[in-house]
Every structure is written in C-alpha cells, then in structure tokens.
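The values are calculated or read from the model by the stated rules, or taken from the named source; none is laboratory data. Keep in mind that this is a model prediction, so the values were computed, not measured. Reconstructed Cβ throughout: ideal geometry from the backbone, glycine too, with neighbour counts over all protein chains shown. Heads up: the accessible areas ignore ligands, DNA and RNA and are worked out on the full protein's heavy atoms, side chains in. Shrake-Rupley method; radii C 1.70, N 1.55, O 1.52, S 1.80 Å.
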Amino acid sequence: MEQNLFVSKAAPAVPFVSSWKAPSNIALVKYWGKSEPQLPKNPSLSFTLSTSVTETKVNFQPATSCTFDFYFHGEKRPDFNPKIQHFIDRITPYIPWITNYHLVISSENSFPHSSGIASSASAMAALSLNLMDLEQHLFPTMEKDYFHKKASFLARLGSGSAARSIEGPVTIWGKTTSCSTSSELYAVPFGSDLHPIFESYRDAILLVDHGSKVVSSTQGHQLMHKHPYAEKRFSQAAENLNALLPIMRSGDLDAFIKIVELEALSLHAMMMTSTPYFVLFKPNTLAIIEKIWEYRAGQKVPVCFTLDAGANVHVLYPAEYASTVEDFINKELAVFCEQGKYLLDRVGTGAKKM
Ligand code: PMV
C-alpha cells in the first residue's frame, strides 16, 4: 500500500522548535462523503486562500511518552485536547518518533472564530507541517516532494479538507483519471499549466451567520452513508472535476462559473435530502445568490459564488474586477451580512515556514 511509504523510523529525541503559517482553502468541487480513514468518496479541487491562515508554533521537548499542551491565542484551551489527541493517535503509526516528545502547541487564527472559514483545514495543516519540520530535522535526506506529500497526508488524517491546505494556488485531492499524480491519501498541486487568471482570483467571504452549525461536517459526511443520492453525487463530483480541469487551463470563465455554482448548490442539496434533513442556508444566503445572478446578467461581470458547509457566501471574481465587484459587495451585498461584515481574501501560494 502506498500509505506504507509514509511510515518513518523511530529516532532519539532532540529539543526542537518550529513555526508554520498554513492557509484555509475553499473547495470548488466539494468533498462530502468519506470512508475510513478519512478517504474521500470523490475527488475535490480547491483554491488555497491567502490571508485566512492559522499560525502554529510547536515546542518539542524530549519526554517518555507523547503528551501536549494546547494554547489558542495565548490561552490554554484543554477543550481542544480530545480532537488533538485523536489526531495524534491516528498519525503515531506514521511518525513513531513522536512518542518521545511533549509538545507545547501555540496556535492563532488570522480570522474571527465561527466566520465560516475552514479553520480545521488551516489548523491541521499548520500542525502537520510543524511535525514534518521535525521529521526532516531527524532525517535530513528527506526530499521536498515527500515533505509536502506527507504533510498533506498527515493533515488529511486530522481533517479531510486540510490535505488541500499545504500547497497552492489550486490543489486536487482524491483519485481522478484526468490527473495522473492524484491520490486519495494526499492532495497535489494543480500544476504549471493553470491559467494565470486563477493565480490571483479573489474570494470575498460574506459573513451571513456567525452561529454554530446545526449539523457539523463530521455528521454531514456520515449522513452520506445512507443517502439515496450518494452514488450519483459522487459520480457527479468526479465528472465535474474532469470537466473543470481543462477549464482551469483555458480560463473559460463562463464554463468555470457553471461548474462552481452547480457544485455549491449540489452540496447543499445533499444536506437538504439527508435523513435527517437539514438546511445550512439562511434567507440572506439566498438573497445574496439572487443579487449575484442579477448583477452578473446585468453588468456582464464574471462573478460567481460558492458555499462551504454553512450559511456564508464566498464571492469569487478575477483580480481585474476587484474594485468593481467590491463596490457592488459594499453597496448591495453587505446589508445581508451580520453587522455588514465580510472578509476580502485571495488565492494564495500555500503554507509558509515562519
Ligand atoms: O474537511 P471536513 O471534514 O471539514 O469537510 C469539508 C467539507 C466541505 O468544506 C463542505 C467541502 C470541502 O471539500 O472542503
């Protein structure tokens, strides 16, 4: 099995400090439905973001078993421990040297809590990169390609979509026949033939609802197991990804918009037709979508939307339309946001060592 490639050797402990900044990402083709251990039922593709990031520092101290303390924005937060412990238990077979360390993990997000930005993606990616940094220190002959793949592999075991938060500007996770390097185990970068328009694409995140989700993404994935439309949805996503790849090379924005919006609405259609059914949309989500459609038709501006597992709307547009679209957002869409708030982000190049 390919995953055996990611099993490292044990090594004696050395004190080490590492710090990484990892971005969040927004999927254009959505991952919704998985099998154990965090393997996607369909391939997905995302824009890596730029300013929505988690910065995590890990102080590795030699110890007799793997223990940790977690700090979020300077405050000790034991409420996060079960999630981190679960992650460490899952990845220990691949990084057995970790059993010789106590980790002091200090993490900060650049974006507000519950803002609809996938914080588990950036957080798990940043933590995994710190672990890989130490592994590279222990085994210095490691190649860069292996470093990135294994960071994505570990991040995936923390949160599926985190696999796509290591590199940029566009990454693919899950096996697809149209990308020979693709894998279920980790994400791979799109490649050098990405149309340049997508390297500087903008994402304005409209904060429609700060409230906590009625159904978590873990529960949502779970509900795909007995979903009557599951198999059709997985093949639809795979087909949408196949269709999107040449579009990402040619820069055909009309075709891009059709697939991206279809994917967003298909994701929410799955939620609305699960048993039990649930709706993460809010009335203002739909109001924003209708405004975008009206504006696009009237102004001939290639702006579109996508949605994550929540009510907030990601408005996507090319950099050359930034001032026009941001003026539109400010005048016509901000009224639908909680306290008029939105975040301006853009496609980024991936995680960075601090
Ligand atoms: O990584 P998870 O388990 O939080 O799932 C993410 C699912 C979506 O954000 C809705 C889609 C995606 O591909 O990111």
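At-a-glance table
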quantity: Sites Phe147 and Phe278, calculated FRET efficiency, Cβ-Cβ separation with R0 45 Å, nearest 0.05; calculated: 0.70
quantity: Cα gyration tensor shape for segment 201-346, rounded if a/c is under 1.5, else prolate or oblate; calculated: oblate
quantity: Most mobile of Leu45, Leu157, Leu333 in a GNM of the chain (Cα contacts under 10 Å); calculated: Leu333
quantity: Cα-based equivalent ellipsoid of the chain: semi-axis lengths in Å, sorted from largest, via gyration tensor; calculated: 34, 21, 20
quantity: Of all accessible heavy-atom area on segment 201-346, the percent that carbon and sulfur account for (1.4 Å); calculated: 54 percent
quantity: Most mobile of Val53, Val215, Val315 in a GNM of the chain (Cα contacts under 10 Å); calculated: Val215
quantity: For the chain, with +1 on Lys and Arg beta carbons and -1 on Asp and Glu, the positive-most of Pro43, Ala163, Ile84 along the dipole; calculated: Ile84
quantity: Nitroxide proxy distance, nm - points 7 Å out along Cα→Cβ at Ser212 and Val7; calculated: 3.9 nm
quantity: Helix 253-272 axis, angle to the chain major axis (alpha carbon atoms, nearest 10°); calculated: 70 degrees
quantity: Semi-axis lengths (Å, descending) of the ellipsoid that matches the C-alpha gyration tensor of segment 1-61; calculated: 29, 22, 8
quantity: Neighbourhood charge, 13 Å Cβ-Cβ cut-off, centred on Asn330 and excluding it, Lys, Arg +1 and Asp, Glu -1; calculated: 0
quantity: Relative contact order %, the chain, counting alpha carbon pairs below 8 Å whose residues are six or more apart; calculated: 24 percent
quantity: Between helix 81-91 and the chain: long-axis angle, C-alpha atoms, 0 to 90°, nearest 10; calculated: 70 degrees
quantity: Net +/- balance of residues flanking Ser44 in space, Cβ distance below 14 Å, scoring K and R +1, D and E -1; calculated: +3
quantity: With Cα atoms, 0 to 90° folded angle of helix 144-158 axis to the chain main axis; calculated: 80 degrees
quantity: For segment 104-195, the spread of Cα positions along each principal axis, largest first, Å; calculated: 38, 36, 23
